[in-house]
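Colleague: Shown below is the structure under consideration.
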Amino acid sequence: MIRVDPAREAAGLTELSEAERRLASLALDRLRKDGVLGVRQHENLRRTLAFAGDALGWDLLPGSTKDRVAAVKKAMTKLAEAGVEQLNGDITALLAQKRREIAVLKKVAAAVRDLAKDAKTTYPAEVEVSFTQRSALGILVTKTETLALADATEALRVADELTHREESRAKLRDQMIEELKERRRQLGVMKRDLPAFVESSHELVSELLAIAT
């Protein structure tokens, strides 16, 4: 009887899960680029399929070349569909976080103000905040900062600044929510387009199976 190391098996499942996510992301890239993958994305697809093939034993598939290619395409579709579900889950979780973001910032500002008024507060103290902002590349991201409170005066200043920036941060938060909704819409379109994505990989699948044998 062959015994499988649970830790190794868990690691393998995690890697396969990442392969599912990468396939879905590549299918989304293809959709956004009018059905064409760039050189880097194509190589990423090759590596992802090669990994999946090793993990799932595609080299041991029975039947003719045509049968084996068809079986791999079917498996590839299932992997990509699982990846779509993962990406959808990420968006759902992030949307929920974004919808609470400003309320959480308000609570943090109030809590910091209470700390400043409480004579029993021990300094230095720290408070962590998360908010939406644009990265250096102009992409909306969630940034988490740890703010240092040296004394009550600093705590009041931080609380006032958090309150003052609520409106501008709410606008960026709202923009990110709209982007996330659009991303979810694109995922829906891409999921319906998966047969075309898989079919576009026919030559690559055939090459990988030929190498495996």
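What follows is calculated from the coordinates using simple rules that are stated; it is not laboratory data. This structure is a prediction, so every number in the text was calculated from the model and none was measured. A quick note on method: Cβ atoms are made from the backbone with ideal geometry, for glycine too, and the neighbour counts reach across all protein chains shown.
Colleague: Write out, first by first residue and then by second, each pair whose Cβ atoms fall under 6 Å of each other, whose residues are 6+ apart or on separate chains, and whose first residue, in segment 55-83, is touching a residue at least 40 places away in the same chain (Cβ under 8 Å) while the second is aromatic (F, W, Y) and part of a helix (DSSP H, G or I).
Modeller: V72/W58
Colleague: Restricting to segment 148-187, name every residue that is buried (at least 17 other Cβ atoms within 10 Å of the Cβ) and part of a strand (DSSP E or B).
Modeller: Matches in segment 148-187: L149 only.
Colleague: Is it the case, given these coordinates, that A82 is within 21 Å of L208 (Cα to Cα) and surrounded by 11 or more Cβ atoms within 10 Å (Cβ to Cβ)? Walk me through how you get there before you give the answer.
Modeller: Values: within 21 Å of L208 (Cα to Cα): no; surrounded by 11 or more Cβ atoms within 10 Å (Cβ to Cβ): yes.
No; evaluated as a whole, the condition is false for this residue.
Colleague: If I ask for residues that are free of Cβ contacts under 8 Å to residues at least 40 places away in the same chain and surrounded by fewer than 20 Cβ atoms within 10 Å (Cβ to Cβ), which ones from segment 44-54 would you list? Can you show your working first?
Modeller: Of all residues in segment 44-54, those free of Cβ contacts under 8 Å to residues at least 40 places away in the same chain come to 44, 47-48, 51-52, 54.
Residues satisfying the conditions are N44, R47, F51, D54.
Colleague: Residues in segment 135-144: is at least one buried (at least 17 other Cβ atoms within 10 Å of the Cβ), of a type in the set (S, T, Y) and under 30 Å from K33 (Cα atoms)? Quick ask: steps written out before the conclusion?
Modeller: As a first pass, look at segment 135-144 and keep what is buried (at least 17 other Cβ atoms within 10 Å of the Cβ): 140.
Remaining after also requiring of a type in the set (S, T, Y): none.
No - not one qualifying residue is present in segment 135-144.
Colleague: Inside segment 118-134, can you point out the residues that are exposed (fewer than 12 other Cβ atoms within 10 Å of the Cβ), closer than 14 Å to D151 by Cβ and not β-branched (V, I, T)? Write out each step before concluding.
Modeller: Keep residues of segment 118-134 that are exposed (fewer than 12 other Cβ atoms within 10 Å of the Cβ), which gives 118-120, 122, 124, 126, 128.
Narrowing the set further to residues that are closer than 14 Å to D151 by Cβ leaves 118-120, 122, 124, 126.
Within segment 118-134, D118, A119, K120, P124, E126 meet the criteria.
Colleague: Then there is this: Could you check segment 25-41 and list, in sequence order, the residues that are in a helix (DSSP H, G or I) and over 20 Å from Q86 (Cβ atoms)?
Modeller: Taking segment 25-41 as the starting set, the residues that turn out to be in a helix (DSSP H, G or I) are 25-32, 39-41.
Of everything in segment 25-41, those that are in a helix (DSSP H, G or I) and over 20 Å from Q86 (Cβ atoms) turn out to be V39, R40.
Colleague: Anything in segment 102-142 that is basic (K, R), closer than 26 Å to E179 by Cβ and either in a helix (DSSP H, G or I) or in contact with a Phe, Trp or Tyr (Cβ under 6 Å, 6 or more places away or on another chain) (or both)? List them, or say none. Break it down stepwise before answering.
Modeller: From segment 102-142, those basic (K, R) are 106-107, 113, 117, 120, 134; that's our starting set.
Keeping just the survivors that are closer than 26 Å to E179 by Cβ gives 106-107, 134.
Matches in segment 102-142: K106, K107.
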